[in-house]
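Participant: Please see the structure below; I have some questions.
Nothing in this text is a laboratory measurement; each read-out follows from the coordinates by a stated rule. Every value quoted in this text rests on a predicted model; they were computed, and no experiment measured them.
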């Protein structure tokens, strides 16, 4: 497993939206913006599924994903495999988190599942000669 540095975690928490990339079994890509995201620990990311359709189907068929985030100057790509939890303690905690977010924003949201990414590789996506460099 690869671990995000403190700086990577700070940036992940700072950006409002990350990009989640999936592919179907036959290689058709799908990319979606995601705002309901949080760090569980330095090697684990949680994404709440409110509206995932093609993305969810892709993850069920092919659990390999990438998450990319940047602030315009600095960025990272996390790659690994996901598991989707629709029952249990972590799902219940995610559902409460999304319900609280729904009340704060006034936008009706309901979590259908907790998507858990175990980070296996980290790449830099900052502009310049190091773009695409393997970091961990």
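Participant: Along each principal axis of its Cα atoms, how long is the stretch 7-57 end to end? Whole angstroms, biggest number first, please.
Facilitator: The Cα atoms of the stretch 7-57 stretch 35, 20, 16 Å along their principal axes.
Participant: State the percent of C-alpha pairs, over all pairs in the chain, separated by a distance greater than 17 angstrom.
Facilitator: 59
Participant: Determine the relative contact order of the stretch 16-110: mean sequence separation of Cα pairs under 8 Å and six or more apart, normalised by residue count, in whole percent. Could the numbers behind the result be given before it?
Facilitator: On the way: 125 pairs, mean separation 22.9, N = 95.
Relative contact order, the stretch 16-110: 24 percent.
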